[in-house]
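For reference, the structure discussed in these notes is given below.
The values are calculated or read from the model by the stated rules, or taken from the named source; none is laboratory data. Just so it is clear, the structure is predicted and the values come from calculations on it, not from any experiment. Virtual Cβ from ideal backbone geometry, glycine too; neighbours counted across all protein chains shown. The protein model used for the area step is the full one, side chains on, heavy atoms only, and it has no ligands, DNA or RNA in it. Shrake-Rupley method; radii C 1.70, N 1.55, O 1.52, S 1.80 Å.
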Amino acid sequence: REKDNKNKTWMPKFLMAKEDKDQRKSSNDVGRNIFKVKKSNAEKSKKMEKEEKIFRETFMYDKEINVINTATAECSVPSKRRVDLPVTAGEQLDVIDVTEGNSVICRNSEGRYGYVLVEHLNFR
């Protein structure tokens, strides 16, 4: 046993070439980043589905959800009712449906739905 150990050359890991280390790090980081992105997308889609289900139940909306237009909120408006969508100034909203009166049904970037008054929106 002692003879075998003496004949082997011992080389510590920190003496490896820098190029090999850099290549290994970059390939590992890429793999990790891709995994994180996929995980967050899965979580977002679950949340979006949950918000859509709540929207359909609350608004009794049985039509297909299509984005008619996009609008930007001109000012911040808190929600007064449960069906109103709270809006912050400069926020981008997807207009889903036009209702009777001066409000439209919108969806924000978080996937929440609600009524927003047309006077608070700026259409491009």
### Message
With the cut-off at 1.5 for a/c, could you classify segment 64-123 from its C-alpha gyration tensor as rounded, prolate or oblate?
### Response
rounded
### ³J(HN,Hα) computed for each position of segment 98-108 - Karplus, 6.51 cos²θ - 1.76 cosθ + 1.60, integer Hz, glycine/proline x
9, 10, 6, x, 10, 10, 10, 8, 10, 10, 8
### Task
Order these peptides, 67-79, 104-116, 83-95, by their mean beta-carbon neighbour count within 10 angstrom, highest first.
104-116, 83-95, 67-79
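Counting only protein heavy atoms and using a 1.4 Å probe, what share of the accessible area of segment 64-123 belongs to carbon plus sulfur, as a whole percent?
C and S fraction of accessible area: 46 percent.
Whole number in Å², please: accessible area per residue of segment 64-123, 1.4 Å probe, ligands, DNA and RNA not counted.
58
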### Query
So which trypsin sites (Lys or Arg not before Pro) in segment 54-97 are both in a DSSP loop and have at most 16 other Cβ atoms within 10 Å of their Cβ?
LYS63, LYS80, ARG81, ARG82
